[in-house]
Each structure stands twice: as structure tokens, then as C-alpha cells.
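Taken together, the values in this text are just the output of simple stated rules run on the coordinates, not laboratory data. Just so it is clear, the structure is predicted and the values come from calculations on it, not from any experiment. Heads up, the Cβs are rebuilt from the backbone with ideal geometry, glycines too, and the neighbour counts pull from every protein chain shown.
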Amino acid sequence: MGSDWTALAWLAALLLPLLLLKRWVSQHLQGLGYLVTRDAQIARLLQYVVLLPGIVLHELSHLVAATLVGVRVTGISLRPTATRGRNVRLGAVMVRPSDPLRESWIGLAPLLSGTAVILLLARWQFGISSAPMLQPDTVIQELAAYLRAPDAWLWLYLIFAVSNAMLPSESDRRPWGPVLLFLGLAAAALYATGHLPQIPASVREFAFTGARYVVYAFGLTIGVDVLFGATLFAVEKLAGKLLHRSIEY
């Protein structure tokens, strides 16, 4: 790696494609179901069934995170529910109100657990290196190698399901504003007064190593999403031709 900050630059660059792909996959999974059945509930059910492993992990992550910080869980739902517009809530964990810091941790938990599961699957099932590189061609080459494994589609599907359910929802992100504002103001005050502590080299190396793994997980996720997205798009077009139907997004 040319610079420690390269990992952070890649992380920032990959976030937008990851969000856009998640939105596209969600729309077209529902779109395919509606195209075939003309039933909105069945369309939502198709999205739910396809992403079920990731949905279960997402909600269990909220549950475990809330338990670890002492926030009482009042209910859990693992069924799809229509919300505003065409949005669908695929599951939910209801907790007692608490402080923004603990609520932020609970909201972030699915992203942390989802990233960890993706890396574990890639490591145990596909044998990625213990220190993944950041070059774009690395992920493409390894993804191509994964496809040659006899059970590759099973593990790639699990990565697809987990990755498309791990991103924090709007309600998960709601408490982040006050926490980020406080941390930003505190850091600015320390910097302005010359009291910003020097981060130990060991802590910096740990953080940058973690960032490299997250970047690899995000890159692998994007590659898998493109692969499944192309398949989904082809199936949708084929179904439209056979049924003489179309759908607008």
C-alpha cells in the first residue's frame, strides 16, 4: 500500500456505489416479483425470502448490541412490512429509548457484523490472504477464482444476502447526528487549543489494518452485487418478454 491513508480514501470512494447497488437490488427484486405476479405483497415477499439470511443477521445484531450495552429490547419482528411510499421494512428490533451513544452503537451493529461475516466467508470458503490488497483488480481476480469452486454460488449468495441487509436503515442512522456533532466539536476544540493527543503508532496501525479489511469486504460486496445484479436484470428482461409486460422504476 502506498500510504496508510489509501484505505480511508478507498473506503470513502466505495460507500456511494455500495449504497446505490443496494437500492438498485432492492428495487429490482421487488420489481421482478411484481412483474411476474402483479401482486405487491408477493413482490415484497420475494425480496424478503432472497435476503432472509442477511435480515436475520441484521436484527440479531441489533438484539445482541442492545443487550451488551444494557438497553432493554421490547420486541422483535422478522417479517416484511410496507412503510412510506414503496419502501419496505424487512424486520425490526424495538428497544427502550436511551442515550444517542448507545443508540448509535445499536444502529451500527449490523454493518459491523455483516462485514465480519463477509470476511469470514471469504477467508474460510475462498481462502483470501490474511492481508488483503486494495488494488481493484485483486478483488476481480479473486472473485473469478471463487466461481470455479463447486459450491461457490452458495457462498456468494450468502455474501449477497448479508451485504444487502447489513447497511443501517434510516431509523438506525437517526441517533448518529448528535454523536458525530459532539465528536467533531470535541476534536476541533482539542486541535484549536493544542491538546489533541498523539495517537500511538500501534493504534494507528490497528485502525488502518481494519480499514483495509473493510475496504476488501466492500469491494467484494460490490463485485458480488454486480454479478447477481446482472443475473437479476437478465431474468427480469426475459420474464418481461415472455409475459409481454414491463415495469417502470
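Membrane-span-like helices in the chain, defined here as complete DSSP H runs extending at least 20 Å along the helix axis by their C-alpha atoms with mean Kyte-Doolittle hydropathy no lower than 1.6, are 176-192; this is a sequence and geometry rule, not a statement about a membrane.
Stokes-Einstein diffusion for the range 6-243, with the hydrodynamic radius set to the Kirkwood value over Cα pairs and evaluated at 20 °C in a medium of 1.002 mPa s, equals 109 µm²/s. With equal scatterers on the alpha carbons only and no solvent term, can you work out the Debye log10 of I(q)/I(0) for the range 174-249 at 0.11, 0.25, 0.26 1/Å? Once normalised to I(0) and log-transformed, intensities are -0.63, -1.08, -1.09. Cβ-Cβ distance of THR67 and LEU242, R₀ of 35 Å, FRET efficiency by 1/(1 + (r/R0)^6): the value works out to about 0.10. The modelled label-to-label distance for the pair LEU78/TRP124, using points 7 Å beyond Cα in the direction of Cβ, is 1.9 nm.
The label-point distance for ILE42 and GLU170, in a model that sets each label 7 Å from Cα toward Cβ, rounds to 2.9 nm.
For the peptides 106-119, 14-27, 38-51, 234-247, the ranking by packing is 106-119, 38-51, 14-27, 234-247, with the highest mean count of neighbouring Cβ atoms within 10 Å listed first.
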